[in-house]
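Student: Structure provided below as structure tokens; questions to follow.
The values are calculated or read from the model by the stated rules, or taken from the named source; none is laboratory data. The shown structure was predicted, so the numbers you read here are calculated from the model rather than taken from an experiment. Virtual Cβ from ideal backbone geometry, glycine too; neighbours counted across all protein chains shown. In case anyone asks, the SASA skips ligands and DNA or RNA and just uses the protein heavy atoms, side chains included. Shrake-Rupley method; radii C 1.70, N 1.55, O 1.52, S 1.80 Å.
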Amino acid sequence: ININIWGHVNTPGSYTVPDGIDLISIFSKVGGPLDESNLSKIRLYREFPDSNGVSLYFLDMNPFIKKGDRSRFLKIKPNDTIIIDQKKIFYLIDKLSSINSIVGITTIIIQLYNIFN
């Protein structure tokens, strides 16, 4: 079956995986989550809603990480898209780093302008 995995994993993309694969095997196939990944709120989107009308699920990997509990794993279906977000604190740090870089470049430009004028 084909699935998509986006976000904070080593190699996001579209993958062909065997039917019946579980989330841990998918993570292994894509090289695992990155250190900043939010594994407590993974989104799984179905191409088509399930029989109960649900097309979005939130998954928490912490029970598996802490105790090896696979009981909450969902069956992966064709064309599912799994999205792993970055933890909010790391997202904020990334944005602050970008702002810091812009301020630094602006300061250098102002200093060069003052030197040559």
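Student: Restricting attention to the range 35-47, which residues are farther than 23 Å from Ser71 by Cβ and touching a residue at least 40 places away in the same chain (Cβ under 8 Å)? Don't jump to the end; show me each part of the working.
Tutor: The first filter runs over the range 35-47 and keeps only residues farther than 23 Å from Ser71 by Cβ, leaving 35-36, 47.
Answer for the range 35-47, where residues must be farther than 23 Å from Ser71 by Cβ and touching a residue at least 40 places away in the same chain (Cβ under 8 Å): just Glu36.
Student: Restricting the search to the range 2-38, which residues are open to solvent by less than 50 Å² (accessible area, probe 1.4 Å), touching a Lys or Arg at 6+ places or on another chain (Cβ under 9 Å) and assigned to a loop (DSSP other than H, G, I, E, B)?
Tutor: His8, Val17, Ile21, Asp22, Asn38
Student: Let me ask another. Given the criteria closer than 15 Å to Lys87 by Cα and not aromatic (Phe, Trp, Tyr), does Asn62 qualify?
Tutor: On the way: closer than 15 Å to Lys87 by Cα: yes; not aromatic (Phe, Trp, Tyr): yes.
The answer is yes for Asn62.
Student: As an exercise: evaluate Arg46 against (1) within 18 Å of Gln86 (Cβ to Cβ); (2) open to solvent by less than 40 Å² (accessible area, probe 1.4 Å); (3) not aromatic (Phe, Trp, Tyr) and give the number of the one condition it does not meet.
Tutor: (1)
Student: Just checking, how many residues over the range 6-25 are modelled with pLDDT of 95 or more and closer than 20 Å to Gly68 by Cα?
Tutor: 0
Student: Okay, moving on. Would you point out the residue of the range 48-89, among those that are in contact (Cβ under 8 Å) with a residue 60 or more places away in the chain and of a type in the set (Asp, Glu), that is nearest to Asp22 (Cα to Cα)?
Tutor: Keep residues of the range 48-89 that are in contact (Cβ under 8 Å) with a residue 60 or more places away in the chain, which gives 76-86.
Right, trim to of a type in the set (Asp, Glu) and you get 80, 85.
Numbers: Asp80: 12, Asp85: 19 Å.
By that ranking, first place goes to Asp80.
Student: Tell me, which residue of the range 64-82 that is surrounded by fewer than 15 Cβ atoms within 10 Å (Cβ to Cβ) and out of contact with any strand residue (DSSP E or B) (no Cβ under 9 Å at 6 or more places or on another chain) is nearest to Tyr15 (Cα to Cα)?
Tutor: Lys75
Student: Mind checking which residues of the range 1-16 are farther than 25 Å from Glu36 by Cα and not polar (S, T, N, Q)?
Tutor: Of all residues in the range 1-16, those farther than 25 Å from Glu36 by Cα come to 1-2, 16.
Ile1 - this is the single residue of the range 1-16 that is farther than 25 Å from Glu36 by Cα and not polar (S, T, N, Q).
Student: Restricting to the range 88-107, name every residue that is of a type outside the set (A, V, I, L, M) and either at pLDDT 75 or above or in contact with a Gly (Cβ under 6 Å, 6 or more places away or on another chain) (or both).
Tutor: Those that are of a type outside the set (A, V, I, L, M) and either at pLDDT 75 or above or in contact with a Gly (Cβ under 6 Å, 6 or more places away or on another chain) (or both): Ser101, Gly104, Thr106, Thr107.
Student: I need a count of the residues in the range 49-63 that are open to solvent by 80 Å² or more (accessible area, probe 1.4 Å) and aromatic (Phe, Trp, Tyr).
Tutor: Total satisfying the criteria: 1.
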